[in-house]
1. Name the residues in region 22-61 that are among the basic types (Lys, Arg) and open to solvent by less than 70 Å² (accessible area, probe 1.4 Å), would you?
2. Take the residues in region 6-21 that are in contact with a Pro (Cβ under 7 Å, 6 or more places away or on another chain) and surrounded by 13 or more Cβ atoms within 10 Å (Cβ to Cβ); name whichever of them is farthest from Leu69 (Cα to Cα).
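The values are calculated or read from the model by the stated rules, or taken from the named source; none is laboratory data. What you are looking at is a predicted structure, and each value in this text was computed from that prediction instead of being measured. For neighbour counting, all protein chains shown are included, and Cβ atoms are generated from backbone atoms with ideal geometry for every residue, glycine included. Remember, those area values only see protein heavy atoms, side chains included, never the ligands or the DNA or RNA. Shrake-Rupley method; radii C 1.70, N 1.55, O 1.52, S 1.80 Å.
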Amino acid sequence: MTIQPGQIYRSCDPRGGPRIRISSYIPGHARAHVVDAHAGKRFRQILVTALHADATTRDGRSRRTGYVLEVDP
């Protein structure tokens, strides 16, 4: 999976959660800089291992943690 600025991810938490947008990422780094997808505020860093391309695990179960890719620019 290629992480690029502008991608939008939604929370995998079944209770709901924030949507985030990648603001910057340097390939090979362990963290990506993200902001709130709607307002563009709440700058923070997130581990790249928490970003997923698919909403299901290898076993076919729904993910419960992390973020799944929603919109790819």
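1. Let us first name the residues in region 22-61 that are among the basic types (Lys, Arg), namely 31, 41-42, 44, 58, 61.
Selection gives Arg44 alone.
2. Step one: list which residues in region 6-21 are in contact with a Pro (Cβ under 7 Å, 6 or more places away or on another chain), which gives 6-7, 11.
If we keep only those that are surrounded by 13 or more Cβ atoms within 10 Å (Cβ to Cβ) too, we end up with 7, 11.
Working: Gln7: 7, Ser11: 9 Å.
Out of the qualifying residues, it is Ser11.
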